[in-house]
Amino acid sequence: MKLNKLYVAISLIRLLNERKKVTAREVADELDVSLRTAQRYMSDMSYLPGVCYDEDTHEWFLAEKYHLSDSYISSVELNILNALFEYAKKITNKDSSIIDKLRRKIITASASRPMVSIIGDDSEDFDGLQDKIELLEKYIDASEEISFYYTNKEKSYTVSPLRFIFHNGFWYLAAKHDGVIKKFTLEYIESVKPTGKAFIVNSEEYEHAIDSAKSIFFGDTERCEVVVTLGNAVADYFRRKEFLPSQRIIGENEDGIVISFEPGNRYECVNLLIGWLPHVRIDSPHEYREEFLKVLNDTVAFNNRASDKK
């Protein structure tokens, strides 16, 4: 009889709990399998923390005391691993079943709700921020309001912490402050203290904004539809992949393809489009086009000043 792996694992843990020590022969008798099969089962179990093997008595047993250590995935690491899987889906295929399958195999437990999002790529030294992330994670999980001193602005904030965000080499805390979702660079957060006040998590009000973001310049305000024309030199990239939030191809003309998308604000719009120069033109709305042109003109002026000094 071929036994289900989950049934085998549960049976072996039960045996270890009940008898404290078991031999391969006892396992074979309990599961009605051959001695060799029983030895293989227990050998596999020995990889689990807390399951030990006595070479003198040839018995397996549970250590009397063992705790979560480097052998286990910590809650912070688990949240980051979850975020990595989500990011992998974003950059490959949103409906990728193989990524979901891998996640189910590796991650057997999860936080009550997502705590980490990855936007963009690059890397940063995580070790230096791990203690701070572990501290803040408790308040996110408990939906507890916190206060902290923000060294970048030299002022204190009281916020409802929502999620960690990793974007282009930096870690951020997304939090609600004065009714608005804001991003705080973790490096500048100091003297974190709970206020003792709980807050109600309305995930719908911020998760879509974060999960659909293509840059750190997202917001929870109502999004504006922006229409752009992308030149033929880059048009095929946008036919094949969604580079912009809520991206839709709405037409074509002699210059290229026409796309609509919904940035969180003007800063995000500029940030998303600047990398596609010179093959991008904002058609509407007018104020977004003017903001884009201002950035380009300021860039030209800045570079001209450098040329004038030579």
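The values are calculated or read from the model by the stated rules, or taken from the named source; none is laboratory data. All of these numbers come straight from a predicted model, not from anything done at the bench. Reconstructed Cβ throughout: ideal geometry from the backbone, glycine too, with neighbour counts over all protein chains shown. For the accessible areas, the whole protein counts, side chains as well, though only heavy atoms, and no ligand, DNA or RNA atoms are used. Shrake-Rupley method; radii C 1.70, N 1.55, O 1.52, S 1.80 Å.
Would you mention how many residues in segment 181-194 are open to solvent by 60 Å² or more (accessible area, probe 1.4 Å) and either part of a strand (DSSP E or B) or of a type in the set (Phe, Trp, Tyr) (or both)?
Within segment 181-194, the subset open to solvent by 60 Å² or more (accessible area, probe 1.4 Å) is 182, 187-188, 190-191, 193-194.
Within this subset, residues satisfying the condition of being either part of a strand (DSSP E or B) or of a type in the set (Phe, Trp, Tyr) (or both) are 182, 188, 190-191, 193-194.
Count: 6.
What's the total number of residues in segment 131-183 that are closer than 25 Å to residue 264 by Cβ, aromatic (Phe, Trp, Tyr) and over 22 Å from the mean Cα position of the chain (by Cα)?
Residues flagged as closer than 25 Å to residue 264 by Cβ, aromatic (Phe, Trp, Tyr) and over 22 Å from the mean Cα position of the chain (by Cα) within segment 131-183 amount to 3.
Any idea which of 287, 242, 268, 291 is charged (D, E, K, R), at pLDDT below 90 and in a helix (DSSP H, G or I)?
Only one candidate passes the filter, namely 268.
Go through the residues of segment 33-51 one by one and say whether even a single one is touching a strand residue (DSSP E or B) at 6+ places or on another chain (Cβ under 6 Å) and of a type in the set (Asp, Glu). Walk me through how you get there before you give the answer.
Keep residues of segment 33-51 that are touching a strand residue (DSSP E or B) at 6+ places or on another chain (Cβ under 6 Å), which gives 42, 45-46, 50.
In the following step, the residues that additionally are of a type in the set (Asp, Glu) were identified as none.
Among the residues of segment 33-51, not one is touching a strand residue (DSSP E or B) at 6+ places or on another chain (Cβ under 6 Å) and of a type in the set (Asp, Glu), which makes the answer no.
Among the numbered conditions (1) of a type outside the set (Gly, Ala, Ser); (2) in contact (Cβ under 8 Å) with a residue 40 or more places away in the chain; (3) open to solvent by less than 70 Å² (accessible area, probe 1.4 Å); (4) farther than 17 Å from residue 232 by Cβ, tell me where residue 283 comes up short.
Going through (1) of a type outside the set (Gly, Ala, Ser); (2) in contact (Cβ under 8 Å) with a residue 40 or more places away in the chain; (3) open to solvent by less than 70 Å² (accessible area, probe 1.4 Å); (4) farther than 17 Å from residue 232 by Cβ one by one, residue 283 breaks only (4).
Any chance you could count how many residues in segment 20-42 are exposed (fewer than 14 other Cβ atoms within 10 Å of the Cβ) and under 12 Å from residue 58 (Cβ atoms)?
Residues flagged as exposed (fewer than 14 other Cβ atoms within 10 Å of the Cβ) and under 12 Å from residue 58 (Cβ atoms) within segment 20-42 amount to 2.
Please verify whether residue 295 is closer than 30 Å to residue 178 by Cβ, open to solvent by 20 Å² or more (accessible area, probe 1.4 Å) and among the aliphatic types (A, V, I, L, M), treating the condition exactly as stated.
It is true that residue 295 is closer than 30 Å to residue 178 by Cβ, open to solvent by 20 Å² or more (accessible area, probe 1.4 Å) and among the aliphatic types (A, V, I, L, M).
Rundown of residues vs (1) in contact with a Pro (Cβ under 6 Å, 6 or more places away or on another chain); (2) assigned to a loop (DSSP other than H, G, I, E, B); (3) surrounded by 18 or more Cβ atoms within 10 Å (Cβ to Cβ), yes/no style:
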{"site": "135", "(1), (2), (3)": "no, no, no"}
{"site": "146", "(1), (2), (3)": "yes, no, yes"}
{"site": "156", "(1), (2), (3)": "no, no, no"}
{"site": "159", "(1), (2), (3)": "no, no, yes"}
{"site": "171", "(1), (2), (3)": "no, no, yes"}
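Restricting attention to segment 250-288, report how many residues are farther than 18 Å from residue 298 by Cβ and touching an Asp or Glu at 6+ places or on another chain (Cβ under 7 Å).
Counting residues in segment 250-288 that are farther than 18 Å from residue 298 by Cβ and touching an Asp or Glu at 6+ places or on another chain (Cβ under 7 Å) gives 3.
Suppose we keep only residues that are touching a Leu at 6+ places or on another chain (Cβ under 9 Å) and either of a type in the set (A, V, I, L, M, F, W, C) or surrounded by fewer than 15 Cβ atoms within 10 Å (Cβ to Cβ) (or both) within segment 195-229. Which one would you say is modelled with the lowest pLDDT?
Looking at the filtered set, the residue picked out is 217.
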